[in-house]
Amino acid sequence: MSKILIISDTHRNHDLLKIVLERNQDCEYLIHLGDEPDDLEFYPELIENMQVFFVYGLYHERFLEQNAVNCFNIGELEFCISHSEKKLRQIANDKSQMTNSTKPIGDCHYERVRFLCFGHTHHSYFKQIGGDVWLNPGHLKLPKDRDEIAGYAVVEFNDDKDCRQDVCVPSQLDCRQDVCVPSQLDCGQDVCVPSQLDYRQDVCVPSIQVKFYDFNGNIIKSEAVK
């Protein structure tokens with residue numbers, strides 16, 4: 001089991017940041033979604049065993065230098081991160097970058113999952129649309145800000161994939177903005193089913209959980225990525 005700690009909007013609150021870093025020393029990866037990733041420099045000893053990814057906040061002098069978006073892979077999971085949700089919407093609307101498909105890994109196919117992570121709002125958020133997971137971990141600015149208790153998210157995923165035989169997925173998708181639906185449907189009476197299915201005998205999906213915590217380490221909610 002691998003763990004990814006995701007934080008955002010620390011806004012120079014080094015005390016809350018230290019609490020969260022100390023509590024999550026079992027995480028191999030750390031993602032900071034901006035405002036202010038420079039805060040991590042205060043605790044090098046707490047992140048020395050983590051691989052760190054980050055973006056700058058909207059008002060950071062280097063925000064535009066970085067093109068506002070950072071895309072990378074952690075294992076077989078794809079991530080695109082930005083402090084601004086708007087920047088990620090542009091990526092999601094680009095059909096050439098849609099991940100609602102499979103790619104071969106070894107002797108089977110792996111259902112691709114892409115995390116689109118953003119900050120700025122100081123409110124936690126989770127929604128899955130097809131293969132895209134939209135995630136905002138909340139903030140660590142103050143114990144409570146904008147009516148939201150300070151918190152963070154942890155993504156847990158199993159490197160051992162769950163391979164299921166005889167899995168059917170639509171072979172043709174019609175992408176409208178952020179939503180993908182089968183483009184051809186066979187409607188019999190009141191029931192519609194995809195008329196074209198792509199049968200893959202070995203389709204693999206990782207076991208992924210997204211857990212949201214408050215800054216004291218109390219779990220707020222847990223979401224399974226399907």
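What follows is calculated from the coordinates using simple rules that are stated; it is not laboratory data. This structure is a prediction, so every number in the text was calculated from the model and none was measured. In this analysis, Cβ positions are derived from the backbone assuming ideal geometry, glycine residues included, and neighbour counts consider all displayed protein chains.
Below, the figures for the structure above:
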read-out: In region 21-76, chymotrypsin sites (Phe, Trp or Tyr not before Pro) in a DSSP loop with at most 12 other beta-carbon atoms within 10 Å; value: Y59
read-out: 5 angstrom amide H check on D145, placed H, neighbours 5+ away; value: A150
read-out: Packing-based ranking, highest mean first, of 126-134, 33-41, 3-11, 113-121 given that Cβ atoms within 10 Å are counted; value: 3-11, 113-121, 33-41, 126-134
